[in-house]
Amino acid sequence: MPELPEVEIIRRGLNRLLPGRRIVSVTHDTPKSFPNAKADVEQFLIGATVKDVRRRAKVLIIELDSKYSLVIHLKMTGQLVYVKEQFSHKGEGRFGAGHPNSSLVGKLPDKSTRVTFTLDNSAQLFFNDQRKFGWIRLIPTAEVTNIDFFKKIGPEPLTSDFTSRAFRERLLKRPNTSIKAALLDQSVIAGVGNIYADESLWGAKIHPTTFVRAVSKQKLNDLYNKLRYVLELSIKKGGSTDRNYVDSAGKKGSYLNFARVFRREGLDCQRCGTTIAKLRVAGRGTHICPNCQKPKKVKP
DNA sequence: CACTTGACCTGTCCGC
DNA sequence: TGCGGACAGGTCAAGT
């Protein structure tokens, strides 16, 4: 669920809160969520001060002054919530229940809390992860870019040097797969997940099962613009909260109020009025407008 | 090698 | 009301 926009919002939040803070202690439950050697934790994490919070693809990197970094993947249900004083209540927060900025988070830790960091200002950073797919690894900063995950990751789609030409060339590395599978492939382009794949394909009027090689140059250029548009719009709207996503303050995002197809099956397409349909593509729930996004017949 | 599918988990929702 | 099963979606290992 956290894709590039959501992780970027968390990064911005944490980068206002963490740098300069010293980590006093850490507790965790399963080794799966926090598979780090105890000796490393004691030597390079406890007592270390946060220097910077960065992002690459859907991964957060909290750089410490110990020459180590915390590398964090939230996978689908991970949350990183910073709590200075606990006064909010689940579903309400200071915005009131039902408000798009209301909180999903009650008093922490709760049963989904996997790791808790306590800081020198007595604030706490909670890593909650209902499904235990996410992880936090303590890695020497110089080696972070060498871990398997980063070695094969594609370019960031929102940087100014990522051109439409680069976008086309990356996608065409997977000519015989569907355009949706190629967008979701992190080695092709970093950070795109199910929500923004569907939203950008609707924007460019491309059926998700179309082979990459069968999408015209003009359509690929349009997809490039629409993808960057939806990613940037989502960052402006605080990300997408489908089920679990919250920012570093525990607040939901509102992008899904602006979504055109994602989770809108059965509703009218805002461009042509046709009923939005849901199908399965590349093993994922996929939302399309059957009129705007017609399958393309390809010559064998 | 290129590409697809299943496993990893837990909570929720839907139909009987 | 309880219960089984489908589903959610990021990534990697295993399969075709």
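Where a number appears in this text, it was derived from the coordinates with a stated rule and is not lab data. This one's a predicted model, so the numbers in the text were calculated from it and none came from an experiment. Note: ideal-geometry Cβ built from the backbone for every residue, glycine included; neighbour counts use all protein chains shown.
Summing Lys, Arg as +1 and Asp, Glu as -1, what charge do residues with Cβ under 12 Å from the Cβ of residue A:187 carry, residue A:187 excluded?
+3
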Checklist entry - Relative contact order (percent) for chain A, with alpha-carbon contacts under 8 angstrom and 6 or more residues of separation? => result 20 percent
Checklist entry - In the calculated pair distance distribution of the stretch A:95-203, what percentage of Cα-Cα distances lie above 19 Å? => result 66 percent
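Please compute the length gained on full extension between residue A:67 and residue A:279, using 0.36 nm multiplied by the number of residues separating them and subtracting their Cα-Cα distance.
Full extension from residue A:67 to residue A:279 adds 71.7 nm.
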Checklist entry - Taking residue A:294 as the anchor, which lysines have their alpha carbon closer than 21 Å to its alpha carbon, excluding any fewer than eight residues away along the same chain? => result A:180, A:205, A:217, A:219, A:226, A:278
Checklist entry - Going down the table (A:132/A:173; A:51/A:252; A:67/A:132; A:111/A:251), which pairs top 24 Å between alpha carbons? => result A:132/A:173; A:51/A:252; A:67/A:132
Checklist outcome for this item: With the convex hull built on the alpha-carbon atoms of the stretch A:164-288, volume per residue in Å³ sits at 107 Å³
Item to check | Binned Cα-Cα distance frequencies in the stretch A:4-151 - 5 Å width, integer % | outcome: 2, 9, 19, 23, 24, 14, 6, 3, 1, 0
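In whole Å and largest first, what semi-axes does the C-alpha gyration tensor of the stretch A:223-300 yield when each eigenvalue is scaled by 5 and square-rooted?
Sorted largest first and rounded, they come to 26, 14, 13 Å.
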Checklist entry - For chain A, what is Rg from Cα atoms divided by 2.2 N^0.38 Å, rounded to two decimals? => result 1.05
Item to check | GNM result for chain A, Cα springs below 10 Å: residue of A:42, A:265, A:85 fluctuating most strongly | outcome: A:85
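How large is the Kirkwood hydrodynamic radius of the stretch A:29-83, counting all unique pairs of alpha carbons, in Å?
Kirkwood radius, the stretch A:29-83: 12.4 Å.
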